Each structure stands twice: as C-alpha cells, then as structure tokens.
Amino acid sequence: MDIILLERVEKLGNIGDVVSVKDGFARNYLLPNKKALRANEANKKVFEANRAKIEADNAEKRTAAQAHSSNVEGKQVVLIRASSNSGQLYGSVSVRDIAEALNAEGAEVGKQMIVLERPIKTLGVFDVRVTLHPEVTVTVQVNVARSTDEAELQAQGVDVMAEMFEADTTGFTEAYDPNAEPGEIVTEDADEGVEDSEEQA
C-alpha cells in the first residue's frame, strides 16, 4: 500500500514522503495511529493544503520532546527479578516494566516509547532506547538483578554471574578431599560398620 507519512517513521521516511509498505503494517499501525494517510489524490491535496500546519505541529512537539529529554536521558532503573543459577530470568522484562520503573523516577514516558531491540531474559545492565518523538531518542540503563546489593555491584561494573561461578567452584573444591581416589566414597562411619560386622561374625 502507498501511504503519505504525517511524521518521521524510522527506516521509512520523513513527513510528506510517499512510501510503499505492507498492507498489514499500514492498516494495523500507521493509519490508526495517525502516522500516515493513504496515498490517493484526495489525501495528497489535503496533505499539501495542511502541510505547513502539520510541519509546525511536528516542530512544536519535537521542541517539547527535546526539553523533556533532559529528564530522561541517562536515567538508571533497577528491576529485581528471580533467576536461575545461570542468570536466566524466569520470564522476561517487558516494556511496561521499564516504563513503570522510569515513571517511578519521574521520567513521564509511555510504554510505546520504549524500544527493546530484543527481549531482556538475563541478569545484567542493558542500554534501552526511549523514543520521546520520532526525531528525539534518548538512552537509559536498565539494571536487572536478584537483589539491590547485586544491582549496586553491577552498576559498578562487576560481573555478578562470573563472581558467583567462581564462588561456586571454590565451594565445590573445598567440599571434597583432594587425596581421595576417583569414585571413592568410603567414610569413617562406613569403616566402623564393616569392623562391627566382622566382630559379630
């Protein structure tokens, strides 16, 4: 379907561009969200007649978004989540989770502004883009950890998972006698049991 863009759309074009997109994308997203018009003769005339106003409105919104960006850019939010020992989350972090955390910090953003390149399914610190306006994008940090202590360590650049694996390995080594033969699990109690049975015989 050919459409006329009413605002800049990433990877498509700018205001007034006539572009061809898949019908579903136009019908389900661009048209209902008033980001575009069908590119027929009547709409082209309407667009040209209103072009100056559309561009002025866009400039006004862009200026407001730029002013707002200082309140969002560089914010860091912490999300506490349960995970497996390998750091895999039970579930994933959603755009709603991130938006709610940012708003708790006074960012005033909607979940439709959060741009997740891929789902967050592990512990760690992630850079996430927030689109305040089609032409204004900022970056925030999302710190996903199992506790506030771990979140603080991750914020300082510590790889919590690597540290945990080292601790596990150390504990595993200490729990066993390095002089024992491979596969040997004989304990003192077992030896006494053998001696008792010999005495009774």
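Taken together, the values in this text are just the output of simple stated rules run on the coordinates, not laboratory data. Remember, it's a predicted structure, so these values are computed and weren't measured experimentally. When we count neighbours, we look across all protein chains shown, and the Cβ atoms used for this are built from the backbone with ideal geometry, even at glycine.
Quick notes on this one:
- The mean sequence distance of close C-alpha pairs (under 8 Å, at least 6 residues apart), as a share of the length of the range 76-174, puts its relative contact order at 28 percent.
- Pairwise FRET efficiency - A155 versus R38, Cβ, R0 = 45 Å, nearest 0.05: 0.40
- Residues listed by number, the range 48-67, amide nitrogen under 17 Å from E108 label point at 7 Å toward C-beta: 60-67
- Each distinct pair of alpha carbons in the range 76-174 adds a 1/r term; the inverse of their mean, the Kirkwood radius, is 14.5 Å.
- For the pair the range 93-107 and the range 39-91, the centres of their Cα atoms are 14 angstrom apart.
- Pair S92, R118: separation of 7 Å Cα→Cβ label points (nm): 1.0
- Pairs beyond 28 Å (Cα-Cα), from K11/K111; K11/K34; K45/K111; K34/K75: K45/K111; K34/K75
- Prolate/oblate/rounded label for the range 2-63 (Cα gyration tensor, a/c 1.5): oblate
- Cβ-Cβ FRET estimate between N85 and N28, R0 fixed at 45 Å, reported to 0.05: 0.65
- In this calculation the C-beta distance from A56 to A162 is compared with R0 = 45 Å, giving a FRET efficiency of 0.25.
- Cut-off 15 Å, label 7 Å out along Cα→Cβ of E48, residues of the range 1-32 by amide N: 4, 16-18
- Kirkwood Rh and Cα Rg combined as Rg/Rh, the range 109-158: 1.05
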